[in-house]
Amino acid sequence: MLQPILAGFVAAISGFASSFALVIAGLVAVGATDAQAESGLLALCLAIAVVSTVAALWLRIPLAIAWSTPGAAVLLAAAGNGIQFSDAVGAFVVSGVLILLCGLWPALGRAITSIPKPLASAMLAGVLFPICLAPFQAIADPAIVFYALPIFIVWLVLYRLAPRWAVPAAMVVAVVAIVVYAGTDWITAADITPQLAFVAPTFDPLTILSLGLPLFIVTMAGQNVPGFTVLSTNGYPPPPRFALVSTGLGSAGAALFGAHSINLGAITAAIMSGEESHSDPKKRWVATLTNGLLYVPLGLASGVAVALVSAAPSILITAVAGLAVLGALITSVVNAVEDARHRVAAIVTFLVVASGIVILNIGSAFWGLLIGGAVMAWLSWNGRRKARVAP
């Protein structure tokens, strides 16, 4: 059983190392204190551990559970909008409840996944685009170029030689760079025993529209749907009700302690459900069990992780996050412009979201979907009208 155990270990370490900095930065961007960010990261890890363990023991399939990396990017994109963390937590709860309802009411799940792919992909691309600029902005910054450049070089070399380890290795180099930059004082600020901190949610309609709804959409379209696809590709019938109900409950519960969302994994699912996990498909569930159990000690390191991120220049952390989501940006852009009929609507959506505009205290992700949808409806209607009158 060593092979699936190793696959679960690789999935856990690579999944955590690739994007924990993005999660912390995203929580801080929507108003979390360091203690609340620690609690949020710990709550995410515990929720992943619980759902993964139950899924492995009950379903006996490699159902990969992860936190929403695109969702964390949505949070980071909301920086500067003056969001109160209690309002953000309320939006997290609403997003989790909507995921739960998708599991209980399949028609809702079908409605969400039927949002035109060009619009959903363009929205996600618009969210990710400013973050993916950060590595190059960091390299161009004379104050930190000597810290940022090695991170980029290691990522680029390993992306060619061992793509799976490119981002985790870049994060290791970033840790070294931060220690060189900040010394060791940040270690004394680390809470070795982080605790869950309850955050009473407040439900602000504008924050729900600008944060909760985009978080829900990118989690469903950008994480859950690809997660089901990976399972199907490897011969496992997807369990949509269990997956959505369990991750919805886990997300809503963990949100009360500052976590944003958990969902099906895609990259980690490929690691744990493919042949490299085990030649016998019936034994690959052990990888999911191992992955889930490892998230407990990883969560207990959240205090050290937050102290590390807090000690670094914000642009350096965003740069690592940009490398982590670059693959998601590429996929989103390709999906957004794949259908020539809807490229104009997709580009409009992308530009509105990437602009970061805030209208009526509602963020650009909501306006991008709304305006892009209106453009798509208008151009499609006009095309149908011309088709009817053409000789």
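The values are calculated or read from the model by the stated rules, or taken from the named source; none is laboratory data. On a predicted model such as this, the values are computed, not experimentally measured, just so you know. All Cβ positions, even for glycine, are placed from backbone atoms using ideal geometry, and neighbour counts span all protein chains on display.
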- For Val344, which of the numbered conditions (1) at pLDDT 90 or above; (2) among the β-branched types (Val, Ile, Thr); (3) surrounded by 22 or more Cβ atoms within 10 Å (Cβ to Cβ) fails to hold? (3)
- Note on the structure: Selection from segment 314-341 of residues surrounded by 20 or more Cβ atoms within 10 Å (Cβ to Cβ) and either free of Cβ contacts under 8 Å to residues at least 12 places away in the same chain or outside any helix (DSSP H, G or I) (or both) yields Val325
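Condition check ((1) of a type outside the set (Val, Ile, Thr); (2) out of contact with any Gly (no Cβ under 8 Å at 6 or more places or on another chain); (3) at pLDDT 85 or above; (4) farther than 30 Å from Ser114 by Cα) across all residues:
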| position | (1), (2), (3), (4) |
| --- | --- |
| Ala162 | yes, yes, yes, yes |
| Ala166 | yes, yes, yes, yes |
| Ala169 | yes, yes, yes, yes |
| Val173 | no, yes, yes, yes |
| Ile187 | no, yes, no, yes |
| Gln195 | yes, yes, yes, yes |
| Phe203 | yes, no, yes, no |
| Ile208 | no, no, yes, no |
| Leu215 | yes, no, yes, no |
- Item | Neighbours by Cβ (under 9 Å, 6+ apart or cross-chain): first from segment 27-45, farther than 10 Å from Ala197 by Cβ; second among the β-branched types (Val, Ile, Thr) and in a loop (DSSP other than H, G, I, E, B) | Ala29/Ile83; Val30/Ile83; Gly31/Ile83
- In segment 353-367, which residues are buried (at least 17 other Cβ atoms within 10 Å of the Cβ) and farther than 13 Å from Ala77 by Cα? Trp367
- Residue within segment 257-266 that is part of a helix (DSSP H, G or I) and either touching a helix residue (DSSP H, G or I) at 6+ places or on another chain (Cβ under 8 Å) or hydroxyl-bearing (Ser, Thr, Tyr) (or both) present: no
- Query: Assuming Val199 fulfils every condition listed in (1) modelled with pLDDT of 85 or more; (2) part of a helix (DSSP H, G or I) apart from one, which condition is it?
  - Reply: (2)
- Query: Looking at segment 144-151, is at least one residue more than 22 Å from Ala269 (Cβ to Cβ), of a type in the set (Ser, Thr, Tyr) and buried (at least 20 other Cβ atoms within 10 Å of the Cβ)?
  - Reply: yes
- Message: Just the residues that are part of a loop (DSSP other than H, G, I, E, B) and in contact with a Pro (Cβ under 8 Å, 6 or more places away or on another chain), please, taken from segment 134-158.
- Response: Ala143, Ile144
- Count, please, the residues in segment 96-118 that happen to be in a helix (DSSP H, G or I) and in contact with a His (Cβ under 8 Å, 6 or more places away or on another chain). 1
- Task: Being part of a helix (DSSP H, G or I) and either under 23 Å from Gly368 (Cα atoms) or of a type in the set (Ser, Thr, Tyr) (or both) is the filter here, so list the residues in segment 77-92 that pass it.
- Result: Ala77, Ser86, Asp87, Ala88, Val89, Gly90, Ala91, Phe92
